[in-house]
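Step one of this worksheet: look at the structure below.
The values are calculated or read from the model by the stated rules, or taken from the named source; none is laboratory data. Here the structure is a predicted model, which is why all the values come from computation and not from measurement. Neighbour counts are summed over all protein chains in view; Cβ atoms, including those assigned to glycine, are modelled from backbone coordinates with ideal geometry.
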Amino acid sequence: MTTEHFDNIIQPRKNLLDLRLKELIRYYDLLVLFVKRDIVVTYKQTILGPLWFFIQPILTTLVFTVVFGNIAGIPTDGIPQPLFYMSGIVIWNFFADCFMKTSNTFVTNAGLFGKVYFPRIIQPLSVVISNGLKFLIQFGLFLILYAYYLIKGVPVTPNGYILLFPFLLVLMALLGLGFGLIFSSLTTKYRDLTFLIQFGVQLLMYATPIIYPLSEIPEKYRFLISGNPVSHIIETFKYSFLGQGMFTLAGLLYSTLFTLVILFIGIIIFNKTEKTFMDTV
């Protein structure tokens with residue numbers, strides 16, 4: 001009597017927090033493939049191609065400078081308007097892209113998920129990584145503008161908190177991933193949420209100190225903006241590079257704890273939805 005040997009045995013998850021990290025390592029090549037796909041497909045049929053990585057933040061910065069800086073006259077804490085706006089735009093775009101593109105994971109990949117097995121979490125992870133590469137490109141654009149104003153002698157004063165930059169980047173990635181995992185599970189049943197998310201992200205941007213400094217918000221309303229965890233991450237980023245902003249360790253700690261809670265909830269909901277989503281998509 002011969003015993004059968006299987007190279008791979010697929011078993012149900014033992015609990016909702018079972019991340020199967022060993023499987024993620026085993027499917028590393030697939031993760032890399034998804035990252036390449038996300039980057040190539042986005043601009044495959046465009047005329048300017050990867051140039052949109054640069055065009056998007058440049059055009060947004062110009063519009064913000066004209067509309068909010070020159071016409072509305074919103075102050076920027078003494079920081080040159082283009083530098084102030086771009087510092088917020090590049091890191092906000094990273095969060096928004098991670099959130100929106102992971103929020104429809106099950107819907108956009110239903111055909112693939114229904115045909116072959118692989119750890120489903122790989123797909124949203126690939127979105128975060130590909131958007132991280134996009135952010136680094138746009139961050140390079142910010143550094144060029146930053147160096148330009150430094151050479152001109154504009155009083156922007158980087159400080160030791162600039163060492164927190166990698167931590168801020170990870171926070172933004174995990175926060176966008178956590179929200180995306182939560183809403184990706186909800187959109188399998190409620191497709192209207194796809195449109196609501198796009199609208200909600202736009203509104204959230206105006207509740208974040210990107211087009212205005214937090215110091216310009218009246219004291220009695222400041223707690224509303226401070227309740228937004230993204231606000232503290234962006235304020236810390238601006239304070240570390242520009243020397244201006246309302247940075248507090250308490251605010252950064254709040255954003256960190258908020259991010260961990262959202263990520264925890266997102267993983268649980270995602271793993272739960274993964275078992276039955278093919279019945280509802």
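Scanning the range 165-188 for residues that are in contact (Cβ under 8 Å) with a residue 40 or more places away in the chain and closer than 17 Å to Phe142 by Cα yields Phe165, Leu168, Leu169. Is it the case, given these coordinates, that Ile182 is within 18 Å of the chain's Cα centre (by Cα), modelled with pLDDT of 85 or more and more than 18 Å from Trp92 (Cα to Cα)? For Ile182, the condition - within 18 Å of the chain's Cα centre (by Cα), modelled with pLDDT of 85 or more and more than 18 Å from Trp92 (Cα to Cα) - is met. For the range 230-252, the candidate set comprises residues that are over 16 Å from Leu163 (Cα atoms) and surrounded by fewer than 20 Cβ atoms within 10 Å (Cβ to Cβ); within that set, the residue that is farthest from the chain's Cα centre (by Cα) is Ala250. Among the conditions (1) outside any helix (DSSP H, G or I); (2) over 26 Å from Thr188 (Cα atoms); (3) at pLDDT below 85, the only one that Trp52 does not satisfy is (1).
Within the range 207-244, which residues are in contact (Cβ under 8 Å) with a residue 60 or more places away in the chain and closer than 21 Å to Gly73 by Cβ? Steps first, please.
Step one: filter the range 207-244 for residues in contact (Cβ under 8 Å) with a residue 60 or more places away in the chain, giving 208-213, 215-216, 230, 233-234, 236-244.
Thr208, Pro209, Ile210, Ile211, Tyr212, Pro213, Ser215, Glu216, Lys238, Leu242, Gln244 - these are the residues of the range 207-244 that are in contact (Cβ under 8 Å) with a residue 60 or more places away in the chain and closer than 21 Å to Gly73 by Cβ.
Taken across the range 194-206, residues that are crowded, with 20+ Cβ neighbours inside 10 Å and either under 30 Å from Gly78 (Cα atoms) or at pLDDT 90 or above (or both) do not occur at all.
Scanning the range 145-153 finds no residues that are touching a Cys at 6+ places or on another chain (Cβ under 6 Å), part of a helix (DSSP H, G or I) and not small (Gly, Ala, Ser).
Contact map, the range 60-78: first residue within 23 Å of Gly243 (Cα to Cα) and modelled with pLDDT of 90 or more, second residue hydroxyl-bearing (Ser, Thr, Tyr) and part of a helix (DSSP H, G or I), Cβ cut-off under 7 Å, separation 6 or more or different chains; pairs are Thr61/Tyr85; Phe64/Tyr85; Thr65/Tyr85.
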